[in-house]
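The values are calculated or read from the model by the stated rules, or taken from the named source; none is laboratory data. Note that the structure is predicted; figures quoted are calculated from it, not measured. All Cβ positions, even for glycine, are placed from backbone atoms using ideal geometry, and neighbour counts span all protein chains on display. Surface accessibility is based on the protein's heavy atoms, side chains included, excluding ligands, DNA and RNA. Shrake-Rupley method; radii C 1.70, N 1.55, O 1.52, S 1.80 Å.
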Amino acid sequence: MAAGRFEPGMNSGDTQPGERVWRRPVPAERDTAALARQFAAALEPPCVIYLRGDLGAGKTLFTRAYIQAKGYDGYVKSPSYGLLETYELENQTVLHLDLYRIEDPEELEYLAIRDLHRRNSVLMVEWPDRGKGFLPAPDLVLEFGETDESRFIECLSFSSKGSRLATLVDT
């Protein structure tokens, strides 16, 4: 195993990996933002959330709404070119990774994610499959998708912490 790799299952809990918890329709941007605000109210760090979906599916919109709901007043930009944006908020640090442009997962070594991911951090990762082996295991995966009728976000739990969070957001 390379020095920078995370141990498989380091966030593992008693929930079966990939357990579908809920699927929510988000037909408009305001619906995605409202869901992100629910996460902001319920989430306690540390937490790792993978955001999966096509370009333009709402992953960055979700993260932006989450960060703003936590009280950040500045501009929340997409980390597409810089790969990582860090937001120091009250009681938590949000690390927003967008791995769309990386060609080799080992590029994550230069970002020192292992050192940045602390007890008070929330790690939100767009295009997590591109960082396989160099990211901590997720607590939740949010799948952004669409049908002919509407857009949706599906929540999959990968840890007991993720399962509790998903349940809090779903009520």
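Pairs meeting the criteria (first residue in region 146-171 and under 17 Å from Lys59 (Cβ atoms) and assigned to a strand (DSSP E or B), second residue open to solvent by less than 20 Å² (accessible area, probe 1.4 Å) and aromatic (Phe, Trp, Tyr), beta carbons under 9 Å, at least 6 apart or on different chains) are Arg151/Phe144; Phe152/Phe144; Ile153/Trp22; Ile153/Phe62; Ile153/Phe144; Glu154/Trp22; Glu154/Phe144; Cys155/Trp22. Taking the numbered list (1) in contact with an Asp or Glu (Cβ under 9 Å, 6 or more places away or on another chain); (2) within 19 Å of Arg24 (Cα to Cα); (3) surrounded by fewer than 22 Cβ atoms within 10 Å (Cβ to Cβ); (4) not acidic (Asp, Glu) in turn, Leu142 passes all entries but (3).
Determine if region 68-77 includes at least one residue that is touching a strand residue (DSSP E or B) at 6+ places or on another chain (Cβ under 9 Å) and of a type in the set (S, T, N, Q). Within region 68-77, not a single residue is touching a strand residue (DSSP E or B) at 6+ places or on another chain (Cβ under 9 Å) and of a type in the set (S, T, N, Q). Counting only residues that are on the phi > 0 side of the Ramachandran plot and out of contact with any helix residue (DSSP H, G or I) (no Cβ under 9 Å at 6 or more places or on another chain), region 72-112 holds 2 of them.
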